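Visitor: Sharing a structure here in structure tokens format.
The values are calculated or read from the model by the stated rules, or taken from the named source; none is laboratory data. Remember, predicted model here, so these are calculated numbers, not experimental data. No Cβ is skipped: glycine too gets one built from the backbone with ideal geometry, and neighbour counts run over all protein chains shown.
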Amino acid sequence: MKDAGPLVLRAYQEQDVARLRAAYGMGSRAVLYQLATGGGKTVVFAAITAGATAKGRRTAVVAHRRELVKQASAKLSWAGVPHGIIAAGLDRDHDAPVQVLSIQTAVRRLDRIGSFGLIVLDEAHHARADTWGSFLASQPAAKLLGVTATPARTDGKGLGIEHGGLFDAMVCGPPIAELVAQGWLAPARCFVPASRIDTRGLRTQAGDYVAEALAERAGAVTGDAIGEYTRRAANAPAIAFCCTIQHATDVAAAFRAAGYRAAFENGDDEPG
């Protein structure tokens, strides 16, 4: 991605950067920033990173997937933030004040990567994983900025320090409806088939249905989902979100059986 020079923020992004800085100014060490997908979380943390660099702080942007490392690097380049990369097969410019890290590589190089004044945790809802804990324990003096669209985990583990997590403050960006109204996100049209998943009696955990149990019920409407796709968007690019890996595998197979090209993917398909 081509460098674009000085970073220009949208009005709400400028406000959110100011709110994040205010949270640190009030004494927070670890702030969680929530913004809907497409709202520009990476642009916001690029602005925070540029500010930290201007103050002489060494900064790490940490991601758990190789593709996210590439995306963060590309956005920092677009924002005009010089940086290096610490990730297997992508290593470069380790003397730069900003480093984009693969968390898997970082934990293998704890004795070599040095200390950071600011650590940005991309997809911060993953930050309770043991690998993240090992890295963060090696950086006790660093301020933390977590960014995520979904500040909740399906396993019920909290992200706030009062629930065993990392963060002592949270800043939420504009909701999806507001971003749509302002023209930053495209409006969505929803179609609901007559046949619905029967959720009666399903057990819940952390406010959501237990995935395995929901997947068993969801299989009953796969055929209807394929029928709706055929009727409304046949052969157009589409994504089917599923409950479990097995459910996704079965749905992809059902689409193929109906004559469509379909593939199954999950978070493990892109090595960290």
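Visitor: Can you tell me which residue is surrounded by the most Cβ atoms within 10 Å (Cβ to Cβ) among those in region 163-176 that are at pLDDT below 95 and among the small types (Gly, Ala, Ser)?
Guide: Checked region 163-176; the qualifying residue surrounded by the most Cβ atoms within 10 Å (Cβ to Cβ) is Gly165.
Visitor: Counting just the residues of region 135-155 that are aliphatic (A, V, I, L, M) and either under 18 Å from Gln34 (Cβ atoms) or surrounded by 15 or more Cβ atoms within 10 Å (Cβ to Cβ) (or both), which one comes out farthest from the chain's Cα centre (by Cα)?
Guide: Residues of region 135-155 that are aliphatic (A, V, I, L, M), as a first pass: 136-137, 141-142, 144-145, 147, 149, 152.
Subsequent filtering for residues that are either under 18 Å from Gln34 (Cβ atoms) or surrounded by 15 or more Cβ atoms within 10 Å (Cβ to Cβ) (or both) retains 136, 142, 144-145, 147, 149, 152.
Working: Leu136: 18, Ala142: 21, Leu144: 16, Leu145: 13, Val147: 7, Ala149: 6, Ala152: 11 Å.
My answer is Ala142.
Visitor: I'd like the full set of residues that are within 22 Å of the chain's Cα centre (by Cα), closer than 20 Å to Leu20 by Cβ, free of Cβ contacts under 8 Å to residues at least 60 places away in the same chain and not in a strand (DSSP E or B), limited to region 82-130.
Guide: Across region 82-130, the qualifying residues are His83, Phe116, His125, Ala127.
Visitor: Looking for something exposed (fewer than 11 other Cβ atoms within 10 Å of the Cβ), part of a loop (DSSP other than H, G, I, E, B) and not assigned by TED's automatic domain parsing to the domain that holds Arg108 - is there at least one such residue anywhere in region 209-224?
Guide: Residues of region 209-224 exposed (fewer than 11 other Cβ atoms within 10 Å of the Cβ): none.
Checking region 209-224: not a single residue is exposed (fewer than 11 other Cβ atoms within 10 Å of the Cβ), part of a loop (DSSP other than H, G, I, E, B) and not assigned by TED's automatic domain parsing to the domain that holds Arg108.
Visitor: Of all residues in region 155-185, which are closer than 24 Å to Ala137 by Cα and assigned to a loop (DSSP other than H, G, I, E, B)?
Guide: Within region 155-185, Asp155, Gly156, Lys157, Gly158, Leu159, Gly164, Gly165, Leu166, Asp168 qualify.
Visitor: While we're here: Test Glu228 against the stated conditions and say whether it is under 17 Å from Ala262 (Cβ atoms) and in a helix (DSSP H, G or I).
Guide: yes
Visitor: Can you list residue pairs whose Cβ atoms sit under 7 Å apart, with the first residue in region 160-173 being touching a residue at least 24 places away in the same chain (Cβ under 8 Å) and within 15 Å of Gln34 (Cα to Cα) and the second being of a type in the set (Ser, Thr, Tyr) and in a strand (DSSP E or B)? Count only pairs 6 or more apart in sequence or on different chains.
Guide: The qualifying pairs are Val171/Tyr33.
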